[in-house]
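Bear in mind that the values in this text are calculations on the coordinates, not laboratory data. The model shown is predicted, which means the values in this text are computed figures rather than measured ones. Note: ideal-geometry Cβ built from the backbone for every residue, glycine included; neighbour counts use all protein chains shown.
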Amino acid sequence: MKKTHLLYFAILVSSILLIINISALDFNDLQKGPYTGIIGNTLLILVMIVTLRDMKV
């Protein structure tokens with residue numbers, strides 16, 4: 001498996017987990033929520049995108 005395939009797979013899995021975390025939010029009471037999961041998945045996606053961009057240059 002190439003490194004790019006692994007990065008694309010990590011982006012896909014992280015996107016799915018991000019969607020699950022956003023759907024678990026309680027919009028009536030935003031005090032409790034999976035904010036660390038949302039922030040962590042967003043940062044992971046951004047890092048993977050930057051890494052892919054740097055690899056293709």
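Values for this structure:
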read-out: Criterion violated by Ser23 - all others in (1) surrounded by 10 or more Cβ atoms within 10 Å (Cβ to Cβ); (2) farther than 26 Å from Lys2 by Cα satisfied; value: (1)
read-out: Residue check for Ile45: exposed (fewer than 15 other Cβ atoms within 10 Å of the Cβ) and part of a helix (DSSP H, G or I); value: no
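Residue by residue, here is whether (1) outside any helix (DSSP H, G or I); (2) not acidic (Asp, Glu) holds:
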| position | (1), (2) |
| --- | --- |
| Thr4 | no, yes |
| Ile16 | no, yes |
| Asn21 | no, yes |
| Asp26 | yes, no |
| Lys32 | yes, yes |
| Ile39 | no, yes |
